[in-house]
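J.: Pasting a structure below so you can have a look.
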């Protein structure tokens, strides 16, 4: 399955798409998620151990970890880049769960905001960004397409994504995660 087919399948099944990468040799101890996760490895490798059975996934391979499934994650020596889908069956993503996800995935967490009616010119970051709006609203314009996010909404901007932003009349407060990380994609 290629990336476009995988992303189409995720959307059809109600998953939120997340692009990510993890640093080489990272070990995430036994844990579970409050969401169903599916992923397609783009480069590098990731070993997921469930029920004491390790399974390694490499470029082009997919896996699924259901909500509540205890597992460990071990990243190979080159790191891993992947596209994944998350689907929460128990309701909307909470602020606490969003922040926990950011920290677990190696993001630096920043609490911030922007003043009412702020407009940012088109630019890109050299790091991945994930944002959850806490109050107010912000419109991100990517590829000429505006999308507005309100309290409780979240989005991702991968490193290098050209975008501009417009803040609503009440300003915006948010939690943001930023990560300077890119695994090699072979």
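Laboratory data are not the source of any read-out in this text; all were calculated from the coordinates shown. Since the structure is predicted, the reported quantities are computational estimates derived from the model, not experimental observations. All Cβ positions, even for glycine, are placed from backbone atoms using ideal geometry, and neighbour counts span all protein chains on display.
J.: For the stretch 78-126 and the stretch 1-58, what is the separation of their Cα centres, given in Å?
T.: The stretch 78-126 and the stretch 1-58 have Cα centres spaced 17 Å from each other.
J.: Same structure, new question: As a footprinting exposure proxy, order 108, 78 by other Cβ within 10 Å, with the fewest listed first.
T.: In order of increasing Cβ crowding within 10 Å: 108, 78.
J.: Then there's this: What angle do you read, to the nearest 10 degrees and between 0 and 90, between the alpha-carbon axis of helix 95-104 and the longest principal axis of the chain?
T.: Taking the Cα atoms of the chain, the angle to 95-104 is about 50 degrees.
J.: Could you order peptides 109-119, 36-46, 170-180 by the average number of other Cβ atoms within 10 Å of their residues, highest first?
T.: 36-46, 170-180, 109-119
J.: Starting from 0.36 nm per residue, how many nanometres of slack lie between residue 61 and residue 104 once their C-alpha separation is accounted for?
T.: 13.2 nm
J.: Could you give the length gained by full extension between residue 70 and residue 116, i.e. 0.36 nm per residue of separation minus their alpha carbon distance, to one decimal place?
T.: The residue 70-residue 116 span can extend by a further 12.2 nm.
J.: With axes computed from alpha carbons, what is the tilt in degrees of helix 3-12 against the longest principal axis of the chain, rounded to the nearest 10 within 0 to 90?
T.: For 3-12 against the chain, the angle is about 70 degrees.
J.: A further question follows. Counting other beta carbons within 10 Å of each residue's own, what order do 131, 48 fall into, fewest first?
T.: Ranking 131, 48 by Cβ neighbours within 10 Å, fewest first, gives 48, 131.
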